[in-house]
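To start, the structure under review is shown below, and the notes come after it.
The values are calculated or read from the model by the stated rules, or taken from the named source; none is laboratory data. Keep in mind that what you see is a predicted model, and the values were worked out from it rather than measured. When we count neighbours, we look across all protein chains shown, and the Cβ atoms used for this are built from the backbone with ideal geometry, even at glycine. Calculation scope for accessible area: heavy atoms of the full protein, side chains included, ligands and nucleic acids excluded. Shrake-Rupley method; radii C 1.70, N 1.55, O 1.52, S 1.80 Å.
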Amino acid sequence: MPSALFSPIKLAGLELPNRIVVSPMCQYSADDGVATDWHVSHLGMLANSGAALLVVEATGVERRGRITHGCTGIYSDDCEAAMARMVAHCRRYGVAKLGIQLAHAGRKASAARPWEGAQALKSGDDPWETIGPSAIPFGPNWHTPREMTADDMARVRDAFVDAAKRALRAGFDAIELHGAHGYLLHSFVSPISNRRSDGYGGSLAARMRYPLEVAQAVRAVVPKSIPLGARITGTDWLDGGLTPDDAVTFAKALKGAGLDFVCVSSGAVSSDARPAVAANVNVEFAAQVKREAEIATRAVGMIVTPKQAEGIIADGKADMVALARGFLHNPHWGWHAAQELGADVARPPQYARVAPKLWAGAAMRD
Ligand SMILES: Cc1cc2nc3c(=O)[nH]c(=O)nc-3n(C[C@H](O)[C@H](O)[C@H](O)COP(=O)(O)O)c2cc1C
């Protein structure tokens with residue numbers, strides 16, 4: 001039977017030859033928001049991984065929306081030019097389509113890189129003021145964000161729109177909004193971080209209002225042929241937090257705002273959330289969203305082996321799978337998955353002799 005994982009899918013006007021996505025992964029290697037040669041090298045490698053879609057890391061729509069001093073941004077001409085250079089490189093030498101995750105870190109901004117402790121920046125480390133729906137910190141010893149005013153909300157919404165325009169000019173094929181992992185848009189939706197008393201807090205409908213305004217504003221400038229999606233939260237893993245039913249409601253609303261897909265992740269809205277660590281951790285949340293919201297749905301989290309990924313698609317639990325650490329461990333994960341599942345992937349001509357002939361035992365010529 002042909003592989004379900006290696007069957008094509010179309011998102012808006014974008015044809016993808018398989019269902020494998022490289023999940024967005026911060027590299028903490030930008031120079032004041034500007035992508036560097038590290039990104040060209042890292043993304044250039046993953047553009048030849050067998051994944052149909054490669055999503056560039058959470059990229060700040062404004063300078064203060066970066067998580068760390070090393071995070072990429074797309075808020076200046078220099079940021080845009082560096083992304084355009086990286087896209088041109090991946091296009092010239094790679095085969096994957098290219099997406100970008102547009103993000104604002106909100107109350108989790110102004111943090112140290114993981115290898116420098118991943119905590120809130122200290123006074124000597126050039127910290128900056130953080131913003132959020134409410135003046136509630138992510139956890140002990142984190143910055144207390146300033147509650148966003150109407151002006152802040154309009155500015156950040158417009159920054160998402162400008163960032164989307166820059167991403168289109170840089171040549172990306174797909175755009176996704178980061179609405180998970182405790183960053184700004186998620187922090188509006190979650191009752192753990194949003195205690196506003198205006199029209200943007202209280203009921204789930206009110207908490208979703210700002211992210212939906214952002215999604216609508218971005219959709220208005222992204223042509224219908226370009227897929228626009230969002231990463232959302234399947235559960236906050238906290239009593240009183242977001243649930244899978246809330247994820248369905250949010251996904252339906254995003255679909256109503258014109259979005260083409262969602263990626264279902266979970267957790268990280270507060271430092272005391274304790275996510276499950278288990279294979280396919282978010283797959284059942286994704287399955288519920290796919291079933292009930294009827295939107296193209298991607299699953300992510302602890303998907304490691306080709307058979308596992310194949311099962312998720314073949315069982316109809318998700319339309320796509322994203323892997324993060326699996327691709328860092330094995331940048332040709334998609335090639336090996338194709339070999340194991342009896343499928344094939346596009347490879348650059350320089351590497352064409354590796355398969356499938358090699359695996360069929362054909363003699364190698366020098
Ligand atoms: C190095 C690294 C950086 C990450 N950066 C991002 C990011 O920029 N945006 C995001 O939504 N998730 C980010 N994540 C989470 C991954 O996209 C993914 O959801 C998570 O690692 C679970 O998938 P996995 O089990 O395949 O690694 C990151 C994960 C890793 C390991």
Please work out the average accessible area per residue across the chain, using the 1.4 Å probe convention, and give it in Å².
-> 41
Would you give the gap between the C-alpha center of the range 47-106 and the C-alpha center of the range 241-257, rounded to a whole Å?
-> 26
How large is the Kirkwood hydrodynamic radius of the range 10-93, in angstrom, based on all distinct alpha carbon pairs?
-> 13.3
Calculate the radius of gyration of the Cα atoms of the range 242-366 to one decimal place, then report Dmax, the largest Cα-Cα distance, as a whole number, both in Å.
-> 18.0, 58
Counting only DSSP beta bridges fully inside the chain, the antiparallel percentage to nearest 5 is 10
At a Cα cut-off below 20 Å, give the lysines reachable from Lys97, other chains included and same-chain residues fewer than 8 away excluded.
-> Lys10, Lys165, Lys224
Segment Arg291-Ala135, length gained on full extension (0.36 nm per residue, minus Cα span) = 52.6 nm
Once normalised by the length of the range 212-366, the mean sequence separation of its alpha carbon contacts under 8 Å that are 6 or more apart gives a contact order in percent of 17
Everything considered on the Cα gyration tensor (a ≥ b ≥ c; rounded for a/c under 1.5, else prolate if a/b is larger than b/c, else oblate), the range 153-205 must be described as prolate
Hand me the trypsin sites (Lys or Arg not before Pro) from the range 221-266 located in a DSSP loop with no more than 11 other Cβ atoms within 10 Å, in residue order please.
-> Lys224
Histogram of C-alpha separations across the chain, 20 Å bin width, % = 31, 59, 9, 0
What residue among Leu121, Leu212, Leu328 has the largest mean-square fluctuation in a Gaussian network model of the chain, using Cα springs under 10 Å?
-> Leu328
Contact order normalised by residue count of the chain, Cα under 8 Å, 6+ apart, percent = 17
Which residue, Arg298, Arg107, Arg91, has the most motion in a Gaussian network model of the chain that connects Cα atoms within less than 10 Å?
-> Arg91
Beta carbons within 10 angstrom, averaged per residue: use that to sort the peptides 260-266, 345-351, 35-41, highest first.
-> 260-266, 35-41, 345-351
q = 0.35 Å⁻¹, the range 109-149: log10 I(q)/I(0) [Debye, one scatterer per Cα] = -1.21
Which number comes out as Rg/Rh for the range 69-194 once both Rg and the Kirkwood Rh are worked out on C-alpha atoms?
-> 1.01
Rg to Rh quotient for the range 24-71, alpha carbon positions, Kirkwood Rh = 1.00
Top of Pro211, Pro244, Pro306 by mean-square fluctuation, Gaussian network on the chain, Cα under 10 Å = Pro306
Quick one: grab the alpha carbon gyration tensor of the range 157-261, order the square roots of its eigenvalues as a ≥ b ≥ c, and give me rounded if a/c is under 1.5, else prolate or oblate depending on whether a/b is larger than b/c.
-> prolate
